[in-house]
Amino acid sequence: MLADLRKLPLPLAAAALLGGTFGGTSHATLAPVEAVTADTSGAVPIAEATSCLAKTICSVKERIRWQTPAWTPSQCRNIAEAVSASAKRHDLSPSLLLAVMVNESDMNEKSARAYQRDGRVYAKDGGLMAIRCILDDKEHCTNGNVRGVAWKDIMNPVTNIELGARELAHWREGGGVVTKTIVKRDRDGSRHTVTKNLPCHHKTHGWWAHYNHGPRYIDKGYPRHYPHRVAVLDHAFATVMNAPAPELASGRITIHDPGKRERTPDRPMEARYKKLTEQILSSGTCSALALN
């Protein structure tokens with residue numbers, strides 16, 4: 001991800017949910033967090049919605065994983081509780097978090113991609129939500145809201161989900177910008193142009209496009225349809241979980257293809273997204289709801 005976000009307090013006590021499941025991770029570098037009580041023995045009572053979420057996660061993970069281990073029911077439940085907690089904290093749809101997760105990593109918590117400059121790794125994208133970390137020489141992040149966080153902490157699944165949710169909320173709440181050039185007249189009557197950065201109102205794209213694009217929406221080439229690709233996954237998850245996805249009903253999803261019908265959340269276009277939505281919809285773990 002290309003974002004360089006404002007620094008915010010990070011509520012990561014829920015990371016205890018994965019203790020002993022994906023491997024322990026030190027969080028000494030992170031900000032203090034509120035207490036969360038969690039039983040990691042695998043016997044935590046969960047609400048019906050969370051149970052549906054966990055079953056869906058397990059089922060979809062099994063369908064889309066490629067050369068990666070399956071998750072146990074306990075692992076799926078822990079991921080579901082992390083998704084549910086972060087979604088509630090940031091007023092996001094759990095289905096949108098899962099859609100980004102599938103799009104960015106195919107639900108692979110160990111996914112990582114390194115970027116080199118002058119023969120040296122200077123940045124990595126990692127984890128379920130593909131969090132961008134620009135590294136210092138001690139393997140700590142130097143960018144935005146992950147500044148000071150160790151790369152190994154980025155790779156903790158619950159920490160990763162929370163960071164992804166926080167970034168989505170940032171873009172929804174005005175993090176994107178557009179450039180506007182205006183002509184101003186000086187007191188002596190002369191004119192000159194001034195370029196300003198204004199808040200992006202996402203008129204041609206879903207606000208979650210900025211999760212991938214950064215502050216400025218890329219309206220040319222293949223990247224312009226990133227928000228639609230996430231939207232079809234979001235729609236599929238919301239359908240099988242009988243869950244609301246209000247972000248899909250709030251204006252244009254993606255920029256228009258000249259001469260073609262509008263892209264909609266219920267109609268995947270690219271082969272990869274047709275297959276992924278079929279895999280999600282075939283999980284069939286909860287009562288379906290038509291969102292069209």
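Data overview
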quantity	calculated
FRET efficiency for Lys203 and Asp137, using Cβ-Cβ distance with R0 set to 41 Å, rounded to 0.05	0.45
Separation of alpha-carbon centers, segment 244-267 and segment 215-242, rounded to whole Å	9
Local electrostatic count, Thr254, Cβ distance below 10 Å [Lys/Arg +1, Asp/Glu -1]	+1
³J(HN,Hα) computed for each position of segment 128-145 - Karplus, 6.51 cos²θ - 1.76 cosθ + 1.60, integer Hz, glycine/proline x	4, 9, 6, 6, 7, 10, 8, 8, 9, 6, 10, 6, 10, 7, 10, 10, x, 6
Fewest-first sequence of Asp91, Asp137, Asp257, Asp125 by Cβ atoms within 10 Å of each Cβ	Asp137, Asp91, Asp257, Asp125
Sparse-neighbourhood loop sites, GluC sites (Glu not before Pro) in segment 224-281 - DSSP loop, at most 16 other Cβ within 10 angstrom	Glu262, Glu270
Under-5 Å amide H pairs with Ala123, H placed in peptide plane, nonlocal only	Tyr115, Leu135
Cα-centred dipole magnitude for segment 86-155, charges only on beta-carbon of K, R (+1) and D, E (-1), debye, nearest 20	100
Separation of alpha-carbon centers, segment 54-93 and segment 165-204, rounded to whole Å	38
Net +/- balance of residues flanking Thr193 in space, Cβ distance below 14 Å, scoring K and R +1, D and E -1	+4
Length-normalised contact order for segment 43-172 - Cα pairs under 8 Å, 6+ apart - percent	19
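Read-outs: derived from the displayed coordinates by stated rules, not from any lab. Every value quoted in this text rests on a predicted model; they were computed, and no experiment measured them. Note that each Cβ is placed from the backbone with ideal geometry, even for glycine, and that neighbours are counted across all protein chains shown.
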